[in-house]
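Structure, as structure tokens:
The values are calculated or read from the model by the stated rules, or taken from the named source; none is laboratory data. Every value quoted in this text rests on a predicted model; they were computed, and no experiment measured them. Please note: Cβ atoms are built from the backbone with ideal geometry, for glycine as well, and neighbour counts cover all protein chains shown. Each accessible area value is taken on the protein alone, full model and side chains, heavy atoms only, with ligands, DNA and RNA left out. Shrake-Rupley method; radii C 1.70, N 1.55, O 1.52, S 1.80 Å.
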Amino acid sequence: MIAPLTDAREWLEADRSGGFAMGAASGIRARRYHALLTAATRPPAGRVVLVSGAEVWVEEGESHPVFLSSHRYATDVVHPDGHQRLVEFTHQPWPTWTYAIDERRTIVHEIVCEPASGDVVLAWRLEGGGTSVALCVRLLLAARDYHSLQRENGEFCFDASAAGAGNIAWQPYDARTAVTALTNGAYRHDPAWYRQFSYEQERRRGLDHVEDLASPGVFRFALGGGAAAAMVLRAGCAPYGDARGIADNVRASERVRRARFAGPLQRAADAYLVRRGDGLTVIAGYPWFTDWGRDTFISVRGMCLASGRVDDARRVLLAWADTVSDGMLPNRFTDAGEAPEYNSVDASLWFAVVVGELLNTGTVPPADQRRLLDAVGEIARGYTRGTRYGIRCDEDGLLAAGVPGMQLTWMDAKIGDWVVTPRIGKPVEIQALWINALAVAERLDPAFARQRERALASFRARFPCGDGSLYDVVDTDHVRGKDDASFRPNQIFAAGGLPIALIDGAEARALVDAVEARLWTPAGLRTLAPDDPAYRARCDGSVSERDSAYHQGTVWPWLAGPFVDAWLRVRGGSDAARAEAWRRFVAPLCLQLNTAGLGHLFEIADGDAPHTPRGAPFQAWSLAELLRIRCLVGVSS
């Protein structure tokens, strides 16, 4: 029997629109985002939790109900006792639980999402023989924004519309999406509120964590003797159909589809590629991120280009190419559908870099090449003449950026009006990205080559600290000669991780070795050296406590990508070096795949050992960069 009350692992089933089902391996919901059906009403945004969970039990004769479900309540009581019957859990090929209902019989429960439709299939079957039993299921409905929580209220409508004994739809709130359940069972209307569920992960994060959920009624199924229970959850008043047939078809087709991927990492990566309009984009992470420009372009390198999905990379970049404004691409699209946020200096530069890598594949049709290069040209010209937030090419050819109160680099934590790592001036990785972006823009105009050469010469003159490392920011706060020597991972981009390295030879080797010695952990690179007075060992606690530590020592797995790239580059990329990189860096990172999000990599981890995973349990660029460096060292996914 597993130990569910201490099992922090989470599973994910995602569709192609930004919707998902997600939960804990223990079966006990611990987040507001743990749900059986979360739909994206404006793909990939506008997410609403429709079905949060279920109360499930077995009835046999006159004996007492045998529960398969458990929930944590606000009194810190776990009830009922279904978790005590859980004997096995696996997330492959999809989440599957096995519960013992007596000494010889078990019930197997499966959850699988069909990506195209967003249907979530729930199935139960009895194994071990013996007499048949009745399975009872009460769905727990929320019909709320996925960031919020529901409390008991008089507006919730329990009314059910039926088409047959077990096909039911509800419209809980007039202005919210309806939910449909197709089943091969029988439905009995019996409205009830289940009150004061407690979500432990939310409590630990200093957030509201208590919720009430509504249950309109009970579904009853026969199990045993060849009979199995099937339930198909759909967003909206969807067409009815044969639940058992749909469930069987989904499981069969998904088994075939998932087997086609080259390996489990590529299969996991598929969860992040979703549609936006007629195009394709990348969900930055589950459960709370949508698509962010910076995350999207970094992720495309591993998820698409390194994984042979070149056409998907083209579709993603084309979907973003038309969003250039004043030389900038959006940092992110908002959940509520307002105007995109153009508050990133590096997202546009990452776009240009990845366009160059895509074009190098020789697979892009001429018309698409022109669209992509035109966007790169707009970015290079916009940054040269100057655009939002003080982003401009300075007289030395380097890229300056930043105004007080605005976070523009990937180190973007902000608490109220306080930017934790403002990095105003000329950040080191921004120069690496700028010089690489100019190299792509050269395909449009040779003048950008002269600009690139000037910027590179200025970089080599200004950034070395004299101790083998590089300044994190020069001309801090736009003050000439005011430089920040904080030892951070951003300097690694000058030695590798991008097509053009800004330093090489012994200088690059010394930098990479210093980064390894001071920043490397088995979960990736720290964001600040532990001997810095501002170093924070843990990224835990309240929102402000977490945000203040977010880039002040916290480990980010995605940074393993540029680090391993640079480590191999300064050692010549030999077979022996690749084997050593696998042993020292990539293999330990692979061991993290099942510590938080099962089969995925998490967003961040504590700076100090044991480097406990934090943040989003499923993070796109973490997984993408692992995919990319596995290819670099010659290991398939």
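Failed condition for Val555, given (1) over 21 Å from Leu498 (Cβ atoms); (2) open to solvent by 10 Å² or more (accessible area, probe 1.4 Å); (3) among the aliphatic types (A, V, I, L, M), with all others met? Among (1) over 21 Å from Leu498 (Cβ atoms); (2) open to solvent by 10 Å² or more (accessible area, probe 1.4 Å); (3) among the aliphatic types (A, V, I, L, M), the lone unmet condition for Val555 is (2). Restricting attention to the stretch 460-484, the residues being within 23 Å of Val403 (Cβ to Cβ) and not charged (D, E, K, R) number 8.
Yes/no matrix, rows are residues, columns are (1) over 32 Å from the mean Cα position of the chain (by Cα); (2) in a loop (DSSP other than H, G, I, E, B); (3) more than 25 Å from Glu625 (Cβ to Cβ):
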{"residue": "Ala461", "(1), (2), (3)": "yes, no, yes"}
{"residue": "Asp467", "(1), (2), (3)": "yes, yes, yes"}
{"residue": "Gly496", "(1), (2), (3)": "no, yes, no"}
{"residue": "Ala506", "(1), (2), (3)": "yes, no, yes"}
{"residue": "Asp513", "(1), (2), (3)": "no, no, no"}
{"residue": "Ala517", "(1), (2), (3)": "no, no, no"}
{"residue": "Arg536", "(1), (2), (3)": "no, yes, no"}
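Of all residues in the stretch 169-204, those being in contact (Cβ under 8 Å) with a residue 12 or more places away in the chain and touching a His at 6+ places or on another chain (Cβ under 9 Å) number 7. Might you let me know whether the stretch 244-266 holds any residue that is open to solvent by less than 10 Å² (accessible area, probe 1.4 Å), among the charged types (D, E, K, R) and under 30 Å from Gly541 (Cα atoms)? Looking through the stretch 244-266, none of the residues is open to solvent by less than 10 Å² (accessible area, probe 1.4 Å), among the charged types (D, E, K, R) and under 30 Å from Gly541 (Cα atoms). The one condition from (1) open to solvent by 40 Å² or more (accessible area, probe 1.4 Å); (2) acidic (Asp, Glu); (3) touching a residue at least 40 places away in the same chain (Cβ under 8 Å); (4) not in a helix (DSSP H, G or I) that Glu338 does not meet is (3).
Name the single residue, out of those in the stretch 103-134 being of a type in the set (S, T, N, Q) and assigned to a loop (DSSP other than H, G, I, E, B), that is most open to solvent (accessible area, probe 1.4 Å). Here the answer is Thr131.
The residue pairs whose first member lies in the stretch 72-100 and is among the charged types (D, E, K, R), whose second member is in a loop (DSSP other than H, G, I, E, B), and whose beta carbons are closer than 6 Å, counting only pairs six or more residues apart or on different chains, are Arg72/Ile28. Checking each residue in the stretch 151-182 for being among the polar types (S, T, N, Q) and open to solvent by 10 Å² or more (accessible area, probe 1.4 Å) picks out Asn153, Ser161, Asn167, Gln171, Thr177. Of the numbered criteria (1) farther than 20 Å from Glu603 by Cβ; (2) open to solvent by 10 Å² or more (accessible area, probe 1.4 Å), the one Gln431 fails is (2).
Conditions (1) open to solvent by less than 60 Å² (accessible area, probe 1.4 Å); (2) within 23 Å of Thr554 (Cα to Cα), marked per residue:
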site	(1), (2)
Asp467	no, no
His478	no, no
Arg488	yes, yes
Ala501	yes, no
Val515	yes, yes
Asp531	no, yes
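Gly541 fulfils the conditions (1) open to solvent by less than 50 Å² (accessible area, probe 1.4 Å); (2) closer than 22 Å to Gly496 by Cα except for a single criterion, (2). Could you please let me know if Leu223 is farther than 23 Å from Asn153 by Cβ and open to solvent by less than 50 Å² (accessible area, probe 1.4 Å)? Judged against the criteria, Leu223 is a match. Scanning the stretch 202-216 for residues that are crowded, with 17+ Cβ neighbours inside 10 Å and modelled with pLDDT of 95 or more gives Glu202, His209, Glu211, Asp212, Leu213, Ala214, Ser215, Pro216.
One residue stands out in the stretch 34-72 among those that are surrounded by 24 or more Cβ atoms within 10 Å (Cβ to Cβ) and among the hydroxyl-bearing types (Ser, Thr, Tyr): the one that is nearest to Trp292 (Cα to Cα), namely Thr38.
Taking the conditions (1) of a type in the set (Val, Ile, Thr); (2) open to solvent by less than 20 Å² (accessible area, probe 1.4 Å); (3) at pLDDT below 95 in turn, Thr409 satisfies each one other than (3). Checking each residue in the stretch 85-100 for being more than 24 Å from Glu114 (Cα to Cα) and either open to solvent by 20 Å² or more (accessible area, probe 1.4 Å) or assigned to a loop (DSSP other than H, G, I, E, B) (or both) picks out Arg85, Val87, Ala100. All conditions but one from (1) open to solvent by 10 Å² or more (accessible area, probe 1.4 Å); (2) touching a Phe, Trp or Tyr at 6+ places or on another chain (Cβ under 7 Å); (3) assigned to a strand (DSSP E or B) apply to Ala30; the one that does not is (3).
For the stretch 380-393, filtering for residues that are in contact (Cβ under 8 Å) with a residue 60 or more places away in the chain and assigned to a loop (DSSP other than H, G, I, E, B) leaves 2. If you check Arg176, Arg188, Arg138 for being basic (Lys, Arg) and modelled with pLDDT under 95, only one passes: Arg176. Of the residues making up the stretch 475-496, those that are among the hydrophobic types (A, V, I, L, M, F, W, C) and in contact with a Leu (Cβ under 8 Å, 6 or more places away or on another chain) are Phe487, Ile492, Phe493, Ala494, Ala495.
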